[in-house]
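I have placed the structure first, in the form of structure tokens, so that the comments after it can refer back to it.
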Amino acid sequence: MLTLSDEELVACCKVELPGDTRSYELLVQRHMNRVYGLVLRVINDKEEAEDITQEVFFKVYNNLKKFEQQASFSTWLYKVATNSALDALDKINRRPKAAQSLKQQANSGEEIDILNLQPSNLPDPETQVVQSELRECINRVLKKLKKDDTQLLVMRDFNDMNYDEIANLLGLGLSAAKMRIHRARLSFQEHFGKLCGKVYTPFSSRK
């Protein structure tokens, strides 16, 4: 069973669930860490991310028989995870002082890599603080964007889905998907500059 593809396991699940959960459990084992990592990068709260990850797989369990496999299982799963994480953003209180502290850091001239969530050339104690504050600010920016733009950025730049997967999942042409992602990145940069005090271009090296 370990050698079965995701698609083969999904087919087994459609026949076996709810009586036999072995195929489903294997799908969970394969994708749990990546789903948790995706959610954690958006939410920045370990306990919350764990709860949301469990919620994602609960949704998958309940909807697996309806999954028509027009996209790959992993693509569908990560869309569910992305939407669950974005919905959770609206329920999380943020510390207002975090954004202000990050703004001061940005104005000091330190460059910050938004996608990798790593500030450059900072001592370890400060690194931990700025990373936390940076994630807080990124969450605030994501919340300001249109939900469609946030979804595109999370799928492409946080979860490294390729353009073909995104286009297929959203029912778009490849050129349209690329254009929407480009516009979403521009919107992110604009809002990041307003909220964090510095216009930074984290997507310039990404295609």
The lone condition E47 fails out of (1) modelled with pLDDT of 70 or more; (2) surrounded by 14 or more Cβ atoms within 10 Å (Cβ to Cβ); (3) out of contact with any Phe, Trp or Tyr (no Cβ under 8 Å at 6 or more places or on another chain) is (2)
Counted residues in the range 140-199 being in a helix (DSSP H, G or I), closer than 20 Å to A85 by Cα and among the hydrophobic types (A, V, I, L, M, F, W, C) come to 14
Next item on the list: Restrict the check to the range 22-37 and report whether at least one residue is buried (at least 18 other Cβ atoms within 10 Å of the Cβ), in contact with a helix residue (DSSP H, G or I) (Cβ under 8 Å, 6 or more places away or on another chain), polar (S, T, N, Q) and under 22 Å from S5 (Cα atoms).
Entry: yes
The residue from F67, F58 that alone is farther than 23 Å from R156 by Cβ and either at pLDDT 95 or above or of a type in the set (F, W, Y) (or both) is F58
In the range 50-80, anything surrounded by fewer than 18 Cβ atoms within 10 Å (Cβ to Cβ) and among the aromatic types (F, W, Y) is listed as F58, Y61, F67
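The values are calculated or read from the model by the stated rules, or taken from the named source; none is laboratory data. As the structure is a computational prediction, the values presented were derived from the model and not from experiment. FYI the Cβ positions are ideal-geometry reconstructions off the backbone, even for glycines, and counts take in every protein chain you see.
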